[in-house]
Amino acid sequence: MTGATAADSAAPLLELRGIKAAYDRITVLHGVDLTVAAGQVVALLGPNGAGKTTTLNVIAGAHRPSAGTLHLGGRDTTGADPRDLARAGVCLVPEGRGIFPNLTVRDHLRMMTFTGRDRPEIEEIAYARFPVLARCAHRPAGTLSGGQQQMLALARGLATDPAVLLLDELSMGLAPVVVAELYEEVAQLARQGIAVLVVEQFAAAVLKIADHAAVLARGRVQWQGHADSSLHAELSSYYLGSAA
Amino acid sequence: MEQFLTFGVVGLATAAIYAIIGSGLVLTYTTAGVFNFAHGAAGMMAAFAYWQLAFGWGWPVPLALAVVLLVLAPAFALFVERVLMRPVQSLGEAERLVMTVALLTGCIALARWIWDPNTPRPLRPFFADQPAFHLGPAPVTWHQALTLGVAALIAAGLWLLLNHTRAGTEMRACVDDRALARLTGASPQRAARFAWILATQLAAVGGILIAPNIALDAQQLSLLIVSAYTAAVFGRLRSLPLTFLGALVVGWLESYLTGYLPQNDYLPGLRLAAPALLLFLALLVFPHRRLRGRERRLVRVPLPTPRGSLVFAGCVVLLAVLLATVLDEEGLISYGPAFSLGIVALSYVPLAGYAGQISLCQLSIAGIGAVVWAHLGGAGQLWALPAAVLVAAAVGAAIAVPALRLSGIYLALGTAAFAVILDRWVFTLPSFEVLGVRIALFDQGSVEVQGPNLFGWRLDSPAELLVLSAVVMAASSLAVGWLRRGRFGRGLIALRDSEAAYATLGGRPLAAKVAVFALSAAIAGLGGALYGMQQRTVTAEQFNLLANLPVFLVAVIGGLGAVGTGLFTGFAYIAPPHLLGHFGTWAHDVSTLGIALAGMGLAHNPAGVVPGLREEWAPLARDRVLLPVACGALGLLWLLYGTGLIGGAIFLVAAVLVAVALRIRATARQDGPPPAPDPVEWWGIRRPWRAEDREVIARGIAAG
Ligand SMILES: Nc1ncnc2c1ncn2[C@@H]1O[C@H](COP(=O)(O)OP(=O)(O)O)[C@@H](O)[C@H]1O
Ligand SMILES: [Mg+2]
């Protein structure tokens with residue numbers, strides 16, 4: 001597929017400029033600049049506590065930035081309500097808990113009918129991609145395995161035709177095989193023209209599918225570029241703290 | 001057989017109403033995450049409003065129904081959701097519980113104020129003029145048939161709504177994870193609003209349907225919540241079908257007990273208490289989980305210093321001596337119970353404040369203390385007082401053992417059920433014998449209570465009893481403060497913060513819980529015995545569930561973690577009705593309403609008002625010059641009063657003025673900057689780093 005290279009030159013679908021964010025009075029993002037184009041998979045890497053989750057929350061509207069702007073498809077969406085952003089096609093699969101434990105799989109898919117599609121259609125798309133989910137349609141999501149839960153979270157995202165898919169530590173607590181499988185699905189989604197921003201602390205899995213990588217440390221994007229070998233040197237310096 | 005069927009039909013109709021009300025409970029719990037104690041009260045308000053429109057003002061029944069169900073109930077729901085619940089949404093379960101307890105108390109007070117409880121208000125059943133039809137041999141009234149039909153419709157409608165519509169699914173999703181729901185296009189606020197409206201309408205339907213069967217009485221209708229909760233607990237507060245099943249069990253149980261319970265003195269109360277008993281059992285039998293929710297915000301528990309505790313205890317006794325010498329007989333009788341009820345309120349401090357166990361039956365245990373003292377200490381024998389305390393402690397431990405399985409709101413519900421069992425059944429029993437020991441309670445009426453005989457000195461004037469209560473309160477406050485500083489108290493707070501962590505640190509949560517229940521019951525029993533002495537006669541109604549609630553609320557307003565809450569609660573609970581009493585007979589309801597409103601306002605501030613008061617007065621208590629001056633000035637005033645040079649009113653006003661002036665002076669005199677309010681790890685962040693900080697930290701480290 002050539003989607004990735006074509007997307008490099010396309011106008012960015014998601015653009016963060018100088019985003020700052022704080023918890024109480026502690027600023028954790030000091031001006032993040034980041035762009036993701038349609039069809040592109042960008043890996044946002046960085047050590048624990050760097051502010052990766054905060055960045056995703058800002059994009060999804062769950063955390064209001066204290067400065068900077070956020071553009072989605074050319075429109076300024078800084079400080080918009082998460083509901084409206086969701087309706088505009090921003091889909092965040094949050095860290096560790098992208099599902100409602102007491103709702104069944106089918107309930108999850110029913111919730112996505114806010115996009116205008118009806119439930120049978122959404123189910124058809126989701127089950128085609130993840131056949132296991134069809135077998136547990138009536139089980140509460142909390143009883144699914146970790147991999148199945150992430151599949152459900154992804155399926156929810158994919159069934160809504162998101163413009164932007166934000167994934168936070170998808171691999172956490174999952175077996176490497178399962179992770180590889182999930183990321184293969186993510187790559188397919190990107191090929192359909194979705195802008196995907198993947199946050200990971202450990203890069204190996206995601207770099208197989210990412211076109212671009214950005215390293216977030218100390219509240220700023222410290223390095224950005226093609227996901228190739230020079231990245232590894234960068235990463236280790238930030239993770240081990242030798243880059244002062 | 002015919003009788004069996006007839007009672008079956010009656011039970012079925014009652015069950016239908018419990019199911020309607022209970023499903024409203026399930027709805028607010030699963031969608032708004034609120035355990036709504038005021039749910040029955042909402043139905044009660046609706047029944048009264050319906051009576052007012054349809055019978056009081058003679059509106060046509062359909063119009064009255066439409067106004068109540070489609071206008072008033074939604075308006076009430078929106079008010080509750082917006083004004084009361086939304087601000088506490090992000091706080092813990094306990095704050096939300098306090099809010100609904102305050103709402104329940106407030107609704108009853110409001111209804112009693114608007115609709116004088118002494119006027120009978122008959123409410124005609126629906127289709128009362130149609131003859132009953134027969135189902136086999138059993139007669140079925142049209143009102144009963146209507147009730148069943150409505151319940152069936154509601155069951156089907158709710159099932160469809162929750163499981164097959166997006167609105168219903170969103171409501172459930174918001175309970176699971178509000179933040180995630182917002183990310184998936186749902187609106188938690190809209191869902192909560194919708195749930196409240198629907199639930200309030202269900203309560204209203206239930207209230208209007210059941211009111212013709214039982215009297216239109218604010219308390220009785222509000223306490224239908226017990227039966228509704230029993231039904232809902234069968235469904236673990238989540239499942240509507242099981243709630244309907246639970247409702248059937250309760251409805252039939254009540255109905256068949258009415259029909260078949262043998263007639264004797266011991267059993268009629270059992271029928272009244274049956275739903276509460278069943279609730280207690282159901283809570284124990286059905287496993288229950290807490291809803292996944294936000295972390296509780298833990299309130300800091302103030303740490304009294306030994307000196308501070310002593311000053312406080314001294315002030316309590318001083319205050320009592322002043323009151324005893326200044327107030328007239330009537331004033332002493334009115335305000336004296338502030339100290340004894342204050343002791344009951346103090347019992348919340350170790351239990352709820354330190355250990356985080358919410359109990360709604362402390363006043364009921366106080367009632368046990370009162371009756372045991374009344375019977376054993378009939379001639380004022382002093383040994384009967386420890387005996388009363390021990391019996392109360394034993395009852396507390398006995399509640400604790402089953403309650404160990406319950407936590408948080410379930411414990412509150414279990415203790416509420418226990419309070420109902422006590423006041424509807426146990427307290428109504430005539431005296432009986434167990435293993436040869438004669439046990440007498442309220443003797444189906446009131447019992448006389450004597451003052452104690454203190455080594456030949458008979459304390460029975462109101463002034464003597466007031467001072468005695470104050471001395472006991474001072475001693476109990478000292479003991480509770482000592483407990484807070486000691487190992488056990490710190491263990492209890494650790495238990496509250498995290499049961500698992502407490503266990504991993506080598507504590508034994510179960511033993512600690514039983515101990516704290518017993519201890520706080522002992523304090524409550526002691527307070528109850530003193531309260532009884534001051535009242536001279538006590539009846540069971542003084543200790544029922546609804547009497548418990550305002551005491552609990554005022555204690556929450558004071559701040560459950562602060563030892564001073566005892567004194568605060570005593571006065572804040574006792575004084576307003578007497579102060580207002582000069583204006584009219586509605587004083588009691590209005591002051592209860594005031595307590596409820598204050599509770600609603602203060603649920604936002606879980607630390608309560610006492611720590612703030614303490615902070616205000618601490619400078620004076622610490623001041624080594626002004627404190628003696630204050631004591632001296634009060635002593636002088638007292639002498640002047642004693643010699644008749646000044647009157648009682650002048651004395652009280654002057655004493656208050658002196659105290660306030662010295663407090664202001666002490667605050668101003670406080671030398672040096674006030675101690676840094678910021679914890680050490682925030683130095684240099686929340687406030688600039690100061691040169692002396694380094695030394696302070698070094699010393700702190702050196703001191704270990
Ligand atoms: N709710 C919060 N309140 C206060 N500080 C927070 C909160 N969430 C995260 N932080 C802080 O913000 C910083 C960035 O956190 P986060 O975005 O979760 O990092 P990452 O996802 O890269 O591990 C961390 O230092 C963390 O301590
Ligand atoms: Mg993170």
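The values are calculated or read from the model by the stated rules, or taken from the named source; none is laboratory data. Predicted model only: the values in this text are computed from it and were never measured. Cβ atoms come from the backbone with ideal geometry, glycine included; neighbour counts cover every protein chain shown. Only protein heavy atoms, including side chains, enter the accessible area calculation; ligands, DNA and RNA are left aside. Shrake-Rupley method; radii C 1.70, N 1.55, O 1.52, S 1.80 Å.
Observations, loosely collected:
- Looking at the stretch A:43-128, none of the trypsin sites (Lys or Arg not before Pro) sits in a DSSP loop with at most 13 other Cβ atoms within 10 Å of its own Cβ.
- Solvent-accessible surface of chain B, averaged per residue with a 1.4 angstrom probe and all protein chains in place: 43 square angstrom.
- Under the span-like rule (Cα at least 27 Å along the axis, Kyte-Doolittle mean at least 0.0), DSSP H helices of chain B: B:2-27, B:93-114, B:142-164, B:188-210, B:240-260, B:306-326, B:384-403, B:462-485, B:509-535, B:648-669
- Dipole magnitude for the stretch A:135-224: about 120 debye, using +1 per Lys or Arg Cβ and -1 per Asp or Glu Cβ, origin at the Cα centre.
- Positive dipole terminus of the protein assembly as shown, leading residue within B:I409, B:F76, B:V658 (C-beta point charges): B:V658
- Cα centre as origin, Lys/Arg/Asp/Glu Cβ charges: the protein assembly as shown dipole, Debye: 1100 debye
- Per-atom-type breakdown for the stretch B:306-622 gives carbon and sulfur 67% of the accessible area (1.4 Å probe, protein chains only).
- Inter-label distance, A:D118 to B:D265: 7.1 nm, where each label sits 7 Å from its Cα along the C-beta direction.
- Average other protein chain Cβ within 10 Å of Cβ, residues A:80-86: 4
- Approximate spin-label separation B:W57-A:T27, in nm, with each point projected 7 Å along Cα-to-Cβ: 6.0 nm
- Probe 1.4 Å, all protein chains present, accessible-area order of A:H226, B:H39, A:H212, largest first: A:H226, A:H212, B:H39
- Extension gain, B:R624 back to B:F455 (0.36 nm per residue minus Cα-Cα distance, nm): 57.1 nm
- Angstrom value of the Kirkwood radius, inverse mean 1/r, which spans all Cα pairs in the protein assembly as shown: 31.6 Å
- Chymotrypsin sites (Phe, Trp or Tyr not before Pro) within the stretch B:297-392, DSSP loop, no more than 10 other Cβ atoms inside 10 Å: B:W383
- Cβ-derived FRET efficiency at R0 56 Å, B:L78 paired with B:R307, nearest 0.05: 0.65
- Here the Kirkwood formula puts the hydrodynamic radius of chain B at 27.3 Å, using every distinct Cα pair.
- Between the stretch A:67-100 and the stretch B:361-397, the Cα center-to-center distance that results, in Å: 62 Å
- If you take all other residues with their beta carbon under 15 Å from the beta carbon of B:G106, and give Lys and Arg +1 and Asp and Glu -1, the sum is 0.
- The chymotrypsin sites (Phe, Trp or Tyr not before Pro) of the stretch B:60-144 meeting both criteria, a DSSP state outside H, G, I, E and B (loop) and at most 15 other C-beta atoms within 10 angstrom of the site's C-beta, are B:F127.
- Using a 1.4 Å probe over protein heavy atoms, the accessible area lost on pairing A with B, summed over both chains, comes to approximately 2200 Å².
- Whole-Å semi-axes of chain A's equivalent ellipsoid (Cα gyration tensor): 28, 20, 18
- Three-way shape call for the stretch B:5-91 based on the alpha-carbon gyration tensor, with the a/c threshold at 1.5: oblate
- Exposure of B:S90 as accessible area (Å², to 10), given a probe of 1.4 Å and all protein chains: 60 Å²
- Accessible surface of the stretch A:76-212 [probe 1.4 Å, protein heavy atoms]: carbon and sulfur percent: 51 percent
- Calculated [θ] (222 nm, deg cm²/dmol) that DSSP helices of n ≥ 4 give over chain A, each run adding -39,500 (n - 2.57): -10500 deg cm²/dmol
- For A:K20, the lysines whose Cα falls under 27 Å of its own Cα, not counting residues fewer than eight places away in the same chain, are A:K52.
- Proximal aspartates and glutamates relative to B:K513, as straight alpha-carbon distance under 14 Å, when same-chain residues fewer than 8 apart are discounted: B:D497, B:E499
- Reach of A:K208 by Cα under 13 Å, taken over aspartates and glutamates that are not fewer than 8 positions away in the same chain: A:E181, A:E184, A:E185, A:E200, A:D228
- Per-residue SASA entry for A:T55, accessible area with 1.4 Å probe, Å² rounded to 10: 0 Å²
- Angle in degrees between helix A:119-129 and the longest Cα principal axis of chain A, rounded to the nearest 10: 70 degrees
- Average Cα contact separation per residue, chain B, under 8 Å, 6 or more apart, as relative contact order %: 18 percent
- In the complete set of protein chains, residue-level accessible area for B:V150 is approximately 40 Å², probe 1.4 angstrom.
- Peptide B:166-179 is shielded by partner chain Cβ atoms: per residue, an average of 5 of them sit within 10 Å of its Cβ.
- Look at the stretch A:99-109: the mean tally of other chain Cβ atoms within 10 Å of its residues' Cβ atoms is 5.
- Between A:A128 and A:V177, the FRET efficiency from the beta-carbon distance, with R0 = 22 Å, is close to 0.55.
- In chain B, the calculated helix contribution to ellipticity at 222 nm averages -21500 deg cm²/dmol per residue, counting -39,500 (n - 2.57) for every DSSP H run with n ≥ 4.
- Separation of alpha-carbon centers, the stretch B:178-231 and the stretch B:252-272, rounded to whole Å: 29 Å
- Cα shape, the stretch B:306-622, gyration tensor, a/c 1.5 rule: rounded
- Exposed-site-free run, longest, chain B (rule: trypsin sites (Lys or Arg not before Pro); DSSP loop; at most 10 other C-beta within 10 Å): B:301-623
- Surface listing: B:W51, B:W586, B:W57 arranged by accessible area from highest to lowest gives B:W57, B:W586, B:W51, probe 1.4 Å.
- Counting only alpha carbon atoms, the long axis of helix A:176-191 and the longest principal axis of chain A meet at about 90°.
- Three-way shape call for the stretch B:27-152 based on the alpha-carbon gyration tensor, with the a/c threshold at 1.5: prolate
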